[in-house]
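Remarks on the structure that follows.
The values are calculated or read from the model by the stated rules, or taken from the named source; none is laboratory data. All values reported here derive from a predicted model rather than from experimental measurement. Quick reminder, even Gly has a Cβ in these numbers, built from the backbone with ideal geometry, and neighbours come from all protein chains shown. For accessibility, only protein heavy atoms count, side chains too; no ligands or nucleic acids. Shrake-Rupley method; radii C 1.70, N 1.55, O 1.52, S 1.80 Å.
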Amino acid sequence: HAKNDGANRYLFFNDSMNKQAVKRLQVENLIRYGLKEDYFSVYYQPKMDILTGNVVGMEALVRFITPKGGLVSPASFIPVAEETGQIVEIGAVVLRKACEDVKRWLALGLFQGRVAVNLSAKQFMLPNLCQQIDDVLEQCELPSYHLELEITEGTVMQSPKLAIDTMKKLRARGIHLAMDDFGTGYSSLAYLKQFPLNTLKIDKAFIDDMDNARGRNMVDTIVTIAHNLSLNVVAEGVETKDQLDMLRKLRCETIQGFYYSKPLSAADFAEFLAAQKQRARLSAIPG
Ligand code: C2E
Ligand code: MG
Ligand code: MG
Ligand code: MG
């Protein structure tokens, strides 16, 4: 009987259709292990005011830190976590860690703005989402003013009416809402007007495309739409001085990207904030 099982397993592993399933199962197991052993960590990337160069916020980005200290990018596990539903638990860990870190930086006087946390579709659809967020904020003693949530067009378009309700509840708490990767999904402009958003984040793909006139016009148009709807604009994935200069001309007010900083560990980000504070203090000295 055992022999037979072995043979079946052999067949299973050699079937190319199932190889993917095995890979998926491996990632799923790794995520379960990581959640149990606390291998998920949060990195932070600053959002900078394009005119002053001050840090106005930061985005929390999840990382899987392997036992050997390596970093695993979310691109390789978020899709699986979305499928299995583990993203809900990962998201809860990220939210709690981000709120704890920001609370500490506020207490140290290093920062006064908002931390933006990405919400997956499954998380956003949780019936008890608001309660969960309330609980975390209360446990961390963090005023809701310091929290921003990033959601994608895909997430809100799954059920726009429901999404608007949830968004209103979050806004009523003073939480800010940003639409992430704007322009890559299929949300309609009719809906964009109805979503109670604070911010549009222009996807990196559009910023990359600013090396040609049509691409620049596209970004110009997105910035104009956002401003006409009284939304702030964040440009994502800004890597060069050229892009920065063009975005300033187009009156985009906030930028995020490797030009200023890659996502940093909490310890490194605290140092970044301290250096920024020092810089601001020095530039404020007259003469
Ligand atoms: P996103 O929310 O659009 O985050 C921006 C991504 O762009 C991050 O990738 C960031 O490291 C990268 N990035 C920022 N500036 C630059 C740049 O100048 N050049 C380049 N090449 N890349 C830049 P990351 O951290 O790998 O995250 C990828 C995606 O995974 C995120 O895209 C987000 O959709 C998802 N994600 C990350 N953390 C979480 C999380 O905690 N929860 C959920 N649900 N999704 C997350
Ligand atoms: Mg994001
Ligand atoms: Mg984004
Ligand atoms: Mg993006």
With criteria (1) over 26 Å from residue 140 (Cβ atoms); (2) at pLDDT 95 or above; (3) out of contact with any helix residue (DSSP H, G or I) (no Cβ under 8 Å at 6 or more places or on another chain), residue 59 comes up short on (1)
Just one listed residue, out of 192, 200, is within 22 Å of the chain's Cα centre (by Cα) and away from ligand 1 (no atom under 15 Å from the Cβ), and it is 192
Original post:
Taking residue 138, is it in contact with a Cys (Cβ under 9 Å, 6 or more places away or on another chain) and modelled with pLDDT of 95 or more?
Top reply: no
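Conditions tested, residue by residue: (1) in a helix (DSSP H, G or I); (2) open to solvent by 20 Å² or more (accessible area, probe 1.4 Å); (3) touching a residue at least 60 places away in the same chain (Cβ under 8 Å).
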position: 162; (1), (2), (3): yes, yes, no
position: 165; (1), (2), (3): yes, yes, no
position: 169; (1), (2), (3): yes, yes, no
position: 180; (1), (2), (3): no, no, yes
position: 186; (1), (2), (3): no, yes, no
position: 191; (1), (2), (3): yes, yes, no
position: 196; (1), (2), (3): no, yes, no
position: 200; (1), (2), (3): no, no, no
Checked 91, 70 against criteria (open to solvent by less than 40 Å² (accessible area, probe 1.4 Å) and under 24 Å from residue 199 (Cβ atoms)); the one match is 91
Restricting the stretch 218-260 to residues that are touching a Lys or Arg at 6+ places or on another chain (Cβ under 6 Å) and of a type outside the set (A, V, I, L, M, F, W, C), the one farthest from residue 203 (Cα to Cα) turns out to be 254
Checking the structure you have, find out if any residue of the stretch 202-214 is within 16 Å of ligand 2 (Cβ to nearest atom), basic (Lys, Arg) and either over 17 Å from residue 157 (Cα atoms) or open to solvent by less than 60 Å² (accessible area, probe 1.4 Å) (or both).
yes
Checked against (1) free of Cβ contacts under 8 Å to residues at least 24 places away in the same chain; (2) under 20 Å from residue 45 (Cβ atoms), residue 230 satisfies every condition except (2)
